[in-house]
Amino acid sequence: MVSDNLEALRTSYKKINPFGVPFATTNMGSAILAMDLGWMGPNYSISTACATSNFCILNAANDADMMLCGGSDSMIVPICTRNFPLSFCLGGFTACRALSQRNADPTKASRPCDIDRDGFVMGEGAGALLLEELEHAKRRGANIYAEFLGGSISCDSYHVTQPHPEGAGITLCMENALAQSGVAREDVNYINAHATSTKAEDVLEYHALARCFGQNPELKVNSTKSMIGHLLGAAGAVEAVATIQVNSTLAFASCNYHIIQDMLIMYAHHT
């Protein structure tokens, strides 16, 4: 609809679709869903780049007895005008050299923590979780797949794109999440890392994990981006679903042993 309205504007503002403005608001997707379901609780959208879905899940946990939360993203879709038939987001990440260059060998692209990683592959998708107060879920006989114990939000306050070189913001977020949830760090045995397969950021995230969890031989770290790419705003929700459903299908990769010492980092091969 955006591209259609841009084309219409070349002729006259009178040609613009009247639904263009309401459909352009970021919370319209959830608003339409609320209309279909008749849900009258909080309905809003959040935009915090790759952390968007995580923010949505954390905020929804305390809003009502039942909250549907998650995220979706479709940034590969081109803005199709006569003079701009390309994906702005895809072009932007290409310009800043964040994407894998292995077009001729896609099975070796998007390999988080691999010694030869060279960037991520963009993906598209959506994920959603129904968060529900425990007693409310029991009363209606709901199938309970996982329990949300707590979480945290932090900000690096360092750079537009690069994380803090010591992983300060990441460490702060994890430590606060552990404190709020009442979980001892030695009891954590699995982490679905952000791990985008970029040279610098995978290392920084590892250092933050090592600083927070120390030497824990039972801790396994995985990144589902090896299988589905980076879904940007939808990443947190899709990876939350994957974490809940994680099973024994993970396979080892050639990890970067220069940075990985006391934790087992692995990812699943493409299938």
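The values are calculated or read from the model by the stated rules, or taken from the named source; none is laboratory data. Since the structure is predicted, the reported quantities are computational estimates derived from the model, not experimental observations. Using ideal geometry, Cβ is built from the backbone for each residue, glycine included, and neighbour counts are taken over all protein chains shown. Each accessible area value is taken on the protein alone, full model and side chains, heavy atoms only, with ligands, DNA and RNA left out. Shrake-Rupley method; radii C 1.70, N 1.55, O 1.52, S 1.80 Å.
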Could you name the aspartates and glutamates in cross-link range of residue 138, using Cα to Cα under 15 Å and dropping any fewer than eight places away on the same chain?
-> 65, 147
Using a 1.4 Å probe on the protein chains only, how many percent of the accessible area of the chain belongs to carbon and sulfur?
-> 57
Cα convex hull of region 4-120: mean projected area in nm², to one decimal?
-> 11.0
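Using a probe radius of 1.4 Å on heavy atoms only, what accessible surface per residue do you get for the chain? Whole Å² is fine.
With all protein chains present, the chain gives 59 Å² per residue.
Okay, helix-only estimate at 222 nm for the chain: each DSSP H run of n ≥ 4 adds -39500 (n - 2.57), divide by all residues, round to 500 deg cm²/dmol; what do you get? Mind showing how you got there, number by number?
Values: 10 runs with 91 residues, N = 271.
Helix contribution divided over all residues of the chain: -9500 deg cm²/dmol.
Suppose the chain between residue 149 and residue 211 were pulled fully straight at 0.36 nm per residue; how much longer would it get relative to their current alpha carbon spacing?
Working: separation 62, 0.36 × 62 = 22.32 nm, distance 2.20 nm.
Stretched fully, the residue 149-residue 211 segment lengthens by 20.1 nm.
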Reachable lysines, given that their alpha-carbon falls under 30 Å from the alpha-carbon of residue 220 and they are not under 8 places away in the same chain | 108, 199
In nm², what is the average projected area of the convex hull enclosing the Cα atoms of region 1-45?
-> 3.5
At 0.36 nm per residue, minus the direct Cα-Cα distance, what do residue 45 and residue 12 gain on full extension? Give it in nm, one decimal, please.
-> 8.8 nm
On the first, second and third principal axes, largest extent first, how far apart are the outermost C-alpha atoms of the chain in Å?
-> 64, 54, 38
Cβ crowding within 10 Å averaged over residues, with 100-106, 13-19 ranked highest first | 100-106, 13-19
Report, in debye and to the nearest 20, how large the dipole of the chain comes out about its Cα centre when Lys and Arg carry +1 and Asp and Glu carry -1 on their Cβ.
-> 880
Would you mind estimating how fast region 57-200 diffuses translationally, via Stokes-Einstein at 25 °C and 0.890 mPa s with the Kirkwood radius over Cα pairs, in µm²/s?
-> 131
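Less than 14 Å Cβ to Cβ from residue 159, Lys/Arg counted +1 and Asp/Glu -1: what total charge do the surrounding residues give? All intermediate terms of the calculation are to be shown ahead of the outcome.
Numbers: positive: none; negative: 156, 166, 201.
That sum, taken over residues with Cβ under 14 Å, equals -3.
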